[in-house]
Amino acid sequence: MERLQAVRGMHDTLPGDTTRWRRLEQTVQSVLHSYCYREIRFPIIEKTELFSRSIGAGTDIVNKEMYTFQDRNGEFLTLRPEGTAGCVRALLQHGLIYSGPQRVWYQGPMFRHERPQKGRQRQFYQAGAEAIGIESPDIDAEIILVCARIWNALGINDVCLELNSLGSYNARQGYRNLLIEYLSDHRDQLDDDSTRRLQTNPLRILDSKNPDMQTLLRGAPSLLDSIDNESAEHFSVLRGLLDANGVDYEINPRLVRGLDYYNRTVFEWTTDRLGAQGTICAGGRYDDLVAQVGGKPAPGIGFAMGLERILELMEAGQEEQDADTPRFYQVMAGEGAVKTGFMLAERLRSEMPALKLLLHCGGGSFKSQLRKADKSGADYALILGADEVAQNTVLIKPLRSGEDQYEIPRDKLADEIARLD
Ligand code: ATP
Ligand code: MG
């Protein structure tokens, strides 16, 4: 029979890699907890309408990347392509939006039907944070400082913060007209995507990954020149807070982000170490989103980081090796050895919960078991044969140091293990 494979663009994380994943996740979580962000979990599947309304009908995600299907009742459902919409939906549904500011974080798989390539999967993991209910730019600064602290904690120091302000929704409409005018004058230079977007969603053209479009856009009017005074002031306070805290940034007036719900602050953290997929984290303010999901308006800002891309930037740590290697390998053969050995191991585990003890299962001679002990990378073999069972002892055989094996009473084993550590 044909051997089944994973779905294209969806990856397995094998045991050798999960330790680094856990280090990444735990670092992200502990930084977020130190800023008093609380974890929230929400379903992987939502009604399709949640995403089409919030992310926006003219966006790549909604137009061509969503995993949408009809369930057995004919309802249109979608595997979440991002976390913010579901997060805001959950907070709204449970009455948490209007009871004071909320700071929350989430983590989990997201799904987008994109062309798989390095740094771009169809199932990928994001960790994100959302702060709802605060309009002032201090929270924008906090959200960005959280990211900076995460990079620092992970030992990642070659990332760059790109920053822009989209202004208010109304100011953006004014800019939209200026942009349409400029691009219409250069219609012959537009690629197919941009020609289509000129009709549907012209601001999206600023987000084009085509280098020719980026060159053309360098001559376009700047979004920052069109934003309203209040947004300009908001942006300036944010910049002051970032400056005061020593966070470097580059203003990128063409940064618009791939989702429609943003206004005012938008940002991306990028690196040139990952080739074309160099954005490791992106976020911004979304003061209209709660209303689009059906609530009374409430401001919000957040970010999402792409964990696979961040993982690529992390050095392999020694703890990865350590976490996957047993410290003791227990070998058992002969009359009564398995039964006594199991009871011994269980007692040790109760007394020393952090002990990494691999119990040999499957029988075999001492010789073959010891070969496996050696291969496991363990530092010591604990050996139980019929003699040790009868004499209430156990043999300890150092596997790495070349020292001789020695025998100790079984009830002294925990002390001896503690001494070896
Ligand atoms: P890109 O421009 O790379 O397509 P995006 O603007 O679509 O990214 P967001 O929706 O802002 O990305 O998601 C936030 C982060 O999630 C990205 O910066 C990236 O690190 C990660 N990400 C997005 N899509 C993918 C994907 N298909 N595979 C892996 N990571 C992804
Ligand atoms: Mg994308």
Single match in Ala323, Ala244 (criterion: surrounded by fewer than 17 Cβ atoms within 10 Å (Cβ to Cβ), away from ligand 2 (no atom under 16 Å from the Cβ) and free of Cβ contacts under 8 Å to residues at least 40 places away in the same chain):
Ala244
Has the range 236-246 got at least one residue that is away from ligand 1 (no atom under 16 Å from the Cβ), of a type in the set (Ser, Thr, Tyr) and under 14 Å from Tyr175 (Cα atoms)?
no
Residues that are within 14 Å of ligand 2 (Cβ to nearest atom) and buried (at least 16 other Cβ atoms within 10 Å of the Cβ), drawn from the range 105-115
Met110, Phe111, Arg112, His113, Glu114
Pro15: more than 16 Å from ligand 2 (Cβ to nearest atom), at pLDDT below 95 and of a type outside the set (D, E, K, R), yes or no?
yes
Residue count for the range 116-134, restricted to those that are farther than 18 Å from Arg80 by Cα and under 11 Å from the mean Cα position of the chain (by Cα)
0
Looking at this structure, is Val88 within 16 Å of ligand 2 (Cβ to nearest atom) and either loosely packed, with under 13 Cβ neighbours inside 10 Å or part of a helix (DSSP H, G or I) (or both)?
no
Quick one: which strands (runs of 3 or more DSSP E) sit completely within the range 354-421 and have at least 2 residues that are under 42 Å from the mean Cα position of the chain (by Cα)?
357-359, 380-384
Would a scan of the range 42-52 turn up a residue that is touching a residue at least 40 places away in the same chain (Cβ under 8 Å), among the aromatic types (Phe, Trp, Tyr) and surrounded by 13 or more Cβ atoms within 10 Å (Cβ to Cβ)?
yes
Go through (1) in contact with a Phe, Trp or Tyr (Cβ under 9 Å, 6 or more places away or on another chain); (2) at pLDDT 95 or above; (3) under 28 Å from Arg103 (Cα atoms) and name the single condition Tyr262 misses.
(2)
If you check Glu130, Glu142, which single one turns out to be more than 16 Å from ligand 1 (Cβ to nearest atom) and in contact (Cβ under 8 Å) with a residue 40 or more places away in the chain?
Glu142
Take the range 92-106 and flag every residue that is out of contact with any Leu (no Cβ under 8 Å at 6 or more places or on another chain) and within 16 Å of ligand 1 (Cβ to nearest atom).
Tyr106
Within the range 102-115, which residues are closer than 16 Å to Ala85 by Cα and not charged (D, E, K, R)?
Gln102, Val104, Trp105, Tyr106, Gln107, Gly108, Pro109, Met110, Phe111
Looking only at the range 22-70, which residues are among the β-branched types (Val, Ile, Thr) and more than 16 Å from ligand 1 (Cβ to nearest atom)?
Thr27, Val31, Ile40, Ile45, Thr48, Thr68
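Condition check ((1) of a type in the set (Ser, Thr, Tyr); (2) out of contact with any strand residue (DSSP E or B) (no Cβ under 8 Å at 6 or more places or on another chain)) across all residues:
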| residue | (1), (2) |
| --- | --- |
| Arg112 | no, no |
| Arg115 | no, yes |
| Gln121 | no, yes |
| Tyr125 | yes, no |
| Gly133 | no, no |
| Pro137 | no, no |
| Ala148 | no, no |
| Ala153 | no, yes |
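The values are calculated or read from the model by the stated rules, or taken from the named source; none is laboratory data. The structure presented is a predicted model; accordingly, all values stated were derived computationally and were not measured. When we count neighbours, we look across all protein chains shown, and the Cβ atoms used for this are built from the backbone with ideal geometry, even at glycine.
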